[in-house]
Number of protein chains: 2
Amino acid sequence: MEPKENGSELGQIIDGPTNPMVTPLLNDLYQFTMAYAYWKAGKHNERSVFDLYFRKNPFGGEYTVFAGLEECIKFLANFKLSDEEIDFVRDCLPGSEEAFCDYLRGLDCSDVEVYAIPEGSVVFPKVPLMRVEGPVGVVQLLETPFLNLVNFASLVATNAARHRFVAGKSKSLLEFGARRAQGPDGAISASKYCYLGGFDATSNVAAGKLFGIPLRGTHSHAYVSSFMSTDEIVDKVLRSADGKTTCEDFVSHVQTWLKKIQYSPSLSGIFSETNQSELAAFTSYALAFPKTFLALVDTYDVMKSGIPNFCAVALALNDFGYKALGIRLDSGDLAYLSREARNFFCTVERELKVPGFGKMVVTASNDLNEETIDALNKQGHEVDAFGIGTYLVTCYSQAALGCVFKLVEINNQPRIKLSEDVTKVSIPCKKRSYRLYGKEGYPLVDIMTGENEPPPKVGERLLCRHPFNESKRAYVVPQRVEELLKCYWRGSADEAREELPPLKEIRERCIKQLENMRPDHMRRLNPTPYKVWFSPTNMFFGFLS
Amino acid sequence: MEPKENGSELGQIIDGPTNPMVTPLLNDLYQFTMAYAYWKAGKHNERSVFDLYFRKNPFGGEYTVFAGLEECIKFLANFKLSDEEIDFVRDCLPGSEEAFCDYLRGLDCSDVEVYAIPEGSVVFPKVPLMRVEGPVGVVQLLETPFLNLVNFASLVATNAARHRFVAGKSKSLLEFGARRAQGPDGAISASKYCYLGGFDATSNVAAGKLFGIPLRGTHSHAYVSSFMSTDEIVDKVLRSADGKTTCEDFVSHVQTWLKKIQYSPSLSGIFSETNQSELAAFTSYALAFPKTFLALVDTYDVMKSGIPNFCAVALALNDFGYKALGIRLDSGDLAYLSREARNFFCTVERELKVPGFGKMVVTASNDLNEETIDALNKQGHEVDAFGIGTYLVTCYSQAALGCVFKLVEINNQPRIKLSEDVTKVSIPCKKRSYRLYGKEGYPLVDIMTGENEPPPKVGERLLCRHPFNESKRAYVVPQRVEELLKCYWRGSADEAREELPPLKEIRERCIKQLENMRPDHMRRLNPTPYKVWFSPTNMFFGFLS
């Protein structure tokens, strides 16, 4: 038996992509027409090198979070066209020769190598996120799926990181976007990559199951309005948290508390009659989830009904050893309402002597985004957790990242894509790239060098130059040098390569890298661009000048 | 054997959703917490009515294309939680009773009814696109998946329709968005719904295979730059279209034509040396696809290299009975370049006496959207086909549609969601809706009535009123009355219901409906809002005033 087969028998298996629709047919037709033309010209096995990179950071910022790598490797490791798919492709290429089908049938990624920056890294324009090498026929067939898998993943992870930045480290960030996302895996992958980018939890059950992301959710307005009155509640019994006592009529107990709140000195006059349908819904919900009671308080009137009703139920639960979690606000002036709610809770704590009641969690939702959270911060608010949907998961303020996949070398010959727009000129040659760190520990510059140039050395002065402006040069003395591209695929799952870490580790890398950036690169307004330069000796300049 | 089982044995089967990730877990957690709370309160089987609708047309327009219904019905018809899914849900609901799992295990949509406007219809704010009736426990579990399946589908179909409107009926519209879409089925569903909204073809092979959408694609810049010179072309033989003759050296034949063009009186001086790598790529591509030769002409210089090289290859093909299709422009001033290219083709036709050469198809791509196509129209262009990607498939100018799913009735009791924002107040009661047509055949107004009100009658004067402004009233004498909601699901695939038509028919309905709208509703700038009113006698007003 051949060593390789042996290896793969004993060896590792990389699962397929999360979405079973990710097959080699998730591709632009022209990748197949080109594959045929390469094959017909006998060029299909020419060794090519492609760089996957983007040209501009999204959202007006100066950084991007790289995500989607794991899905690319899963796709690549399982790349195989089925007979049915091959038949379909043949029918799409009228006049193609039958022998091309044999070529497609034998096609896999055993001659492909993928070098990539680790997923969850903070990355910058023009630096290759992935370098894909291999026979041009098959590598072209990776272009569309790789771009598809990286573009949205990186975009939404970056969006999540930006929301985290504005909300601050101490807040809980919950992704609530499933209903407004761009299709089913727009939702599922948004949940995954928002978590990667620093969110704490999602409402999306499928994403929770697939990726182990913590789940959050309570009830909607419909639940509240589905109740008419507390008379509907048939089973009024609540067993205490310690199981020792039983409240036979929890409904009356709640009503007693409602009256106590109403007539307590500092709260008297704030509200009169609360909405009974809402009170019934809260009471019923508390009977179902006494340990995790969290109520949506804005179906009728937050301060005149929702908050007093919530407090009555929470105080009633408290008598039986249960701590309510808090409230959610989904409309109105969130800054004002969160402060009023906090005051109310603190007054209850003080007046009714319930320690900790003032610390009730206030969750806010309702079309939140970077701008609205920033505005809330400026107004002053008492929100502990933000539930963010539409703007986060659809990347509403910029719905696409423009990653491209450019041929930079074929048969050891550098290739370049020219353009009248200098920012669209591709950077030829197989390259390496390094992140150089300064004394304070911040990254200073990413530099690209030719494949065979000596790497930058710690403590040695290095002249770097701007890619498209010869007059811009600078000396850097790196305190730490990190090579960015690591090997993630070398023909099979068994060859030496970087492991695909679990999502949690990717998330930790992301959070750590974001925290380690110099603050002026990260700020929302007029951030400083991070430098992406070249080593001055390298070979690109012959092509660029 | 029970009649129902019998029925389903003999009966119809509705396939599951296109994306196998669409399961009951593609849901917000709160739908399950509510399901538990309803069940715990014994309310889970209360008959509820929910309306699915949106509040505002997207893209600053005054119309929307409804799409996504088929996927909703496919989901619903196959709604079933697996044991593994039930275990996961139980673990998400700490403290839940084991009997709830039995309830989930038995859950299906055999008590659910769905009334909907046919997919592909032109629709307007506030009018229910779908009315879903059934036990509140299960209907709540449809909310998130239905919204997810309808929101993006309708948004992107509308975006496609708007692109068609600005491009005009005579142009070919090609969807090229797979690489920039929001994830894998962001791509696949964009392809589907852009076709529905009036596009002609897609580049997305998977979508072509799944939905029978015509496919388009040729080659990329990488293909062009992968060639060094025509010396690389080993197999230079071209068999003529009729199979009767053979060109032994097609490469030389192309080069002969290139010289002829260069020295023809009217073209002389336009270009000198063309790029040889490009010429090699075109020649090689033509050898692979002599019947469907279409070249990307902007890798180096459109007028000095791309167009002359293309013409040389096209003329050489012509000698052997093949008609080249045309060119694609992917950068630069598309209006100017398309006109210059057209001039060049017409000059070739005239000077070199090649009938029809001037009619070569010019395809344009490169970040096109409604605005850029409108600008091209104003400048004057010679583009025949537009390839549109990023802006189309991500709905860049508005990345989300805000469909909502609101409880309007439970146990025959009307329910309303109040809000300080009057446009967010839900319209209570189970309702019917009608589209009334005027003399010219245009739709005049959509009106909503109570479930049991008599329908509007052709030729009878009807007083309609504005939903939120009592003073706005108008008389309409409909020439045609169309009831909008039709039954698509009544508990099983075998019950009487509307068929799910093939995509092509849905597309035809859409195109026909768009063409039948009064033009002032459709224009890009300051379109007239279409009227959505109430019958004056109906019962909503008691709730609203």
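The values are calculated or read from the model by the stated rules, or taken from the named source; none is laboratory data. Model, not experiment: these values are computed from the prediction. Note that we place each Cβ from the backbone using ideal geometry, even for glycine, and neighbour counts take in every protein chain shown. Accessible surface areas use protein heavy atoms only, side chains included; no ligands, DNA or RNA. Shrake-Rupley method; radii C 1.70, N 1.55, O 1.52, S 1.80 Å.
Remarks
- Consider the range A:442-459 and keep the residues that are in contact (Cβ under 8 Å) with a residue 12 or more places away in the chain and open to solvent by 30 Å² or more (accessible area, probe 1.4 Å). The one that is nearest to the other protein chains (Cβ to nearest Cβ) is A:E451.
- A:D384 meets each of the listed conditions (1) under 30 Å from A:V361 (Cβ atoms); (2) within 10 Å of chain B (Cβ to nearest Cβ); (3) of a type in the set (D, E) apart from (2).
- Residue under evaluation B:A35, criteria (1) more than 9 Å from chain A (Cβ to nearest Cβ); (2) out of contact with any His (no Cβ under 8 Å at 6 or more places or on another chain); (3) open to solvent by less than 10 Å² (accessible area, probe 1.4 Å); (4) small (G, A, S), criterion not met: (2)
- Of the residues making up the range B:86-108, just one is touching a Ser or Thr at 6+ places or on another chain (Cβ under 7 Å) and open to solvent by less than 30 Å² (accessible area, probe 1.4 Å), namely B:L93.
- Pick from the range A:73-85, criterion within 14 Å of chain B (Cβ to nearest Cβ) and open to solvent by less than 30 Å² (accessible area, probe 1.4 Å), ranking: farthest from the chain's Cα centre (by Cα): A:E85
- Every condition in (1) more than 15 Å from B:P128 (Cβ to Cβ); (2) assigned to a loop (DSSP other than H, G, I, E, B) is met by B:S426 except one, and the failing one is (1).
- Subset of the range B:130-184 that is among the β-branched types (V, I, T) and either touching a strand residue (DSSP E or B) at 6+ places or on another chain (Cβ under 7 Å) or farther than 30 Å from B:N411 by Cα (or both) - its residue that is farthest from the other protein chains (Cβ to nearest Cβ): B:V166
- Criterion violated by B:V477 - all others in (1) hydrophobic (A, V, I, L, M, F, W, C); (2) over 30 Å from B:C72 (Cα atoms); (3) open to solvent by less than 30 Å² (accessible area, probe 1.4 Å) satisfied: (3)
- Pairs with Cβ under 7 Å, 6+ apart, first in the range A:12-27 and more than 7 Å from every other protein chain (Cβ to nearest Cβ) and part of a loop (DSSP other than H, G, I, E, B), second among the small types (G, A, S) and open to solvent by 30 Å² or more (accessible area, probe 1.4 Å): A:I14/A:A77
- Residue match in the range B:99-117 (condition: closer than 19 Å to A:A288 by Cα and within 11 Å of chain A (Cβ to nearest Cβ)): yes
- A:L401 being among the aliphatic types (A, V, I, L, M), open to solvent by 10 Å² or more (accessible area, probe 1.4 Å) and either assigned to a loop (DSSP other than H, G, I, E, B) or within 13 Å of chain B (Cβ to nearest Cβ) (or both): no
- In summary, A:S189 fulfils each of the numbered conditions (1) open to solvent by 10 Å² or more (accessible area, probe 1.4 Å); (2) over 20 Å from A:L485 (Cβ atoms); (3) part of a loop (DSSP other than H, G, I, E, B) with the single exception of condition (3).
So that you can scan it fast, the table gives a plain yes or no per residue for (1) facing chain A (nearest Cβ under 7 Å); (2) out of contact with any helix residue (DSSP H, G or I) (no Cβ under 6 Å at 6 or more places or on another chain); (3) under 30 Å from B:G177 (Cβ atoms); (4) touching a residue at least 12 places away in the same chain (Cβ under 8 Å):
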| position | (1), (2), (3), (4) |
| --- | --- |
| B:D200 | no, yes, yes, yes |
| B:T218 | yes, no, yes, yes |
| B:H221 | yes, yes, yes, yes |
| B:I233 | yes, no, no, yes |
| B:A241 | no, yes, no, yes |
| B:K244 | no, yes, no, no |
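- In the range B:438-496, residue modelled with the lowest pLDDT [restricted to those that are hydrophobic (A, V, I, L, M, F, W, C) and in a loop (DSSP other than H, G, I, E, B)]: B:F468
- Complete set of residues in the range A:365-381 that are of a type in the set (D, E) and either open to solvent by less than 50 Å² (accessible area, probe 1.4 Å) or touching a strand residue (DSSP E or B) at 6+ places or on another chain (Cβ under 6 Å) (or both): A:E370, A:D374
- The lone exception for B:L337 - which of (1) within 14 Å of another protein chain (Cβ to nearest Cβ); (2) open to solvent by 10 Å² or more (accessible area, probe 1.4 Å); (3) outside any helix (DSSP H, G or I) it fails: (3)
- Residue in the range B:347-363 that is surrounded by the fewest Cβ atoms within 10 Å (Cβ to Cβ), counting only those that are of a type in the set (A, V, I, L, M, F, W, C) and in a helix (DSSP H, G or I): B:F357
- Residues (more than 10 Å from B:V254 (Cα to Cα), part of a helix (DSSP H, G or I) and of a type in the set (A, V, I, L, M, F, W, C)) located in the range B:283-317: B:A286, B:L287, B:A288, B:V302, B:M303, B:I307
- Hits in the range A:241-287 - residues which are surrounded by fewer than 20 Cβ atoms within 10 Å (Cβ to Cβ), closer than 26 Å to B:L418 by Cα and in contact with a strand residue (DSSP E or B) (Cβ under 8 Å, 6 or more places away or on another chain): A:Q262
- Entry remark, the range B:416-433: residues being open to solvent by 20 Å² or more (accessible area, probe 1.4 Å) and modelled with pLDDT of 85 or more number 2 in total.
- Test for A:S226: is it in contact (Cβ under 8 Å) with a residue 24 or more places away in the chain, of a type in the set (G, A, S) and under 30 Å from B:S82 (Cβ atoms): yes
- Residues (in contact with a Phe, Trp or Tyr (Cβ under 7 Å, 6 or more places away or on another chain) and under 20 Å from B:E84 (Cβ atoms)) located in the range A:170-202: A:K192, A:T202
- Scanning the range B:44-72 for residues that are surrounded by fewer than 24 Cβ atoms within 10 Å (Cβ to Cβ), touching a Phe, Trp or Tyr at 6+ places or on another chain (Cβ under 8 Å) and farther than 15 Å from B:V112 by Cβ returns B:N57, B:E62, B:Y63.
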